[in-house]
Amino acid sequence: MINRPNKFFIKYPYIPIIVVSSGFNNVLADPERLDTPGNWVNYRNVVDLTLTMIVLGSIGCLYVFYRVYKQWILNRKILGMIYKLPFYTACIDLLINISFFINIMHTVTNAQVWYEPICKTMSILNWAFITINLSFYSVIALMTYLRICHEKYCDCGRYEWKVWIIVFATSLILQLMNFPNHGARKYWCAGRTGQVRSPLILFAVITVSLLIICFCYMSIYLKIINVQNRPITTLSKDSDNENGIGNEVLEQRAEIERRAAKKIMSYVLVFIIQWVPLQISGAARFFLNDDTWVYMIASIGRSFGGIGNAIQYIINEGWVTIESTEYDTTRSQETDNKSTSLNDNYKLIELNNNEIMSPKNTESTENKTSIINIEDNNQA
């Protein structure tokens, strides 16, 4: 016996088809949805790559937190700038990842960007954390340049609050410049579609930051080479250089040069990998190019900071956390507010000069210029 509902569908067999197809038509006809059949592949590529980069970047930040925490415990709850700077960088990168995770999750779950005014808020936060990151890189590079190349010290205060004031002030100025341009784009909220002012400002800020970083760190590297080469002439004229001390000093200084070059290249390389993709994306947006690849390279650059910071930490500090020596800890406390980056490379120079400055060489000491004293090996 056929029940009444089944009799109805047998009598009107087209009704279920209309109901089901109308549901699909609502999805397909919605122009704001991103998961339409024609855009499905692009949609999945963008959201999958973005989420993958956010997860990897966040893992890198957590790794740096773990290593810095272990170092803090080993050093009896004292941290030099060598460990504070990667920690600060990881904090900013994690904020970028968290804010953008919230930003992209509405696109993942609803195939649409956030509605206003939430979308504008997401765009403001995204711009704020990006400009804070860029400002922090630039300020640290400038302070390091002044510290090493011009021996100008800056008392940054407790928790480096003076540095943060400069960073936040710069970010606020850039925020005000870009404030009218916040809104929705195709896959997320980060600068309204159809305007060119936002990508132009971003391109200019990244370019200026890159020029500052390259100039400062290349000047630092040249300074390292020049300071190392000065005592070599003295060594060649030293008649007491028969015990092989001179060769040992030269080898140590060659090692210093290699270490400095490695650190400088890592700073510049990480910055390029993180921000040049966003620069390319900004240039494409300036020409109103909204293709999928523009979003994909932006996702790679935006979240690479956490990955690059972790790699940089491993390169500079190794895989194993080692307790700082008494010399390192004491000097780090004394100079926390003076050093900013690449400090540790001249510890050997200072010690080597003490060996060179024997009583027989006291006459030459009057003509020797002062050697830069850099205590910590910090990251920018």
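The values are calculated or read from the model by the stated rules, or taken from the named source; none is laboratory data. All values reported here derive from a predicted model rather than from experimental measurement. Don't worry about glycine lacking a Cβ; one is built from the backbone with ideal geometry, like all the others, and counts go over all protein chains shown.
Given the criterion part of a helix (DSSP H, G or I), at pLDDT 90 or above, surrounded by 14 or more Cβ atoms within 10 Å (Cβ to Cβ) and β-branched (Val, Ile, Thr), identify the matching residue among Thr144, Thr170, Thr234.
On the way: Thr144 fails: at pLDDT 90 or above; Thr234 fails: at pLDDT 90 or above.
On inspection, the qualifying residue turns out to be Thr170.
Going by what's in this entry, would Val227 be described as at pLDDT 90 or above and not small (Gly, Ala, Ser)? Spell out the reasoning first.
Numbers: at pLDDT 90 or above: no; not small (Gly, Ala, Ser): yes.
When the stated conditions are applied, Val227 does not pass them.
Can you name the condition, by its number, that Ala29 falls short on among (1) within 17 Å of the chain's Cα centre (by Cα); (2) at pLDDT below 80?
(1)
Name the single residue that is nearest to Val276 (Cα to Cα) among those in the stretch 179-208 being touching a Phe, Trp or Tyr at 6+ places or on another chain (Cβ under 6 Å) and buried (at least 18 other Cβ atoms within 10 Å of the Cβ).
Ile206
Report, ordered by the first and then the second residue, all pairs with beta carbons closer than 8 Å, sequence separation of six or more or different chains, a first member in the stretch 81-97 that is acidic (Asp, Glu), and a second member that is crowded, with 22+ Cβ neighbours inside 10 Å.
Asp93/Gly57; Asp93/Gly60; Asp93/Cys61; Asp93/Asn133; Asp93/Ser303; Asp93/Gly305; Asp93/Gly306; Asp93/Asn309
Under the condition of being of a type in the set (Ser, Thr, Tyr) and part of a helix (DSSP H, G or I), which residue from the stretch 98-133 is surrounded by the most Cβ atoms within 10 Å (Cβ to Cβ)?
Ser123
Each row is one residue, and each column tells you yes or no for (1) within 26 Å of Cys216 (Cα to Cα); (2) not β-branched (Val, Ile, Thr).
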site	(1), (2)
Ile130	yes, no
Phe136	yes, yes
Trp161	yes, yes
His182	no, yes
Arg192	no, yes
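Out of the residues in the stretch 147-167 that are over 13 Å from Thr89 (Cβ atoms) and among the aliphatic types (A, V, I, L, M), state the one that is surrounded by the most Cβ atoms within 10 Å (Cβ to Cβ).
Ile148
Please list, ordered by first then second residue, the pairs with beta carbon atoms under 7 Å, 6 or more apart or interchain, first in the stretch 126-149 and without any contact (Cβ under 8 Å) to a residue 24 or more places away in the chain, second surrounded by fewer than 23 Cβ atoms within 10 Å (Cβ to Cβ) and outside any helix (DSSP H, G or I).
The qualifying pairs are Leu146/Lys152.
If Val167 meets every condition in (1) in contact with an Asp or Glu (Cβ under 8 Å, 6 or more places away or on another chain); (2) without any contact (Cβ under 8 Å) to a residue 40 or more places away in the chain; (3) not charged (D, E, K, R) apart from one, which number is that one?
(1)
Got a number for residues in the stretch 55-90 being surrounded by fewer than 22 Cβ atoms within 10 Å (Cβ to Cβ), out of contact with any Leu (no Cβ under 9 Å at 6 or more places or on another chain) and aliphatic (A, V, I, L, M)?
7
Can you report the number of residues in the stretch 288-324 which are part of a loop (DSSP other than H, G, I, E, B), over 14 Å from Val64 (Cα atoms) and without any contact (Cβ under 8 Å) to a residue 60 or more places away in the chain?
Residues meeting the conditions: 2.
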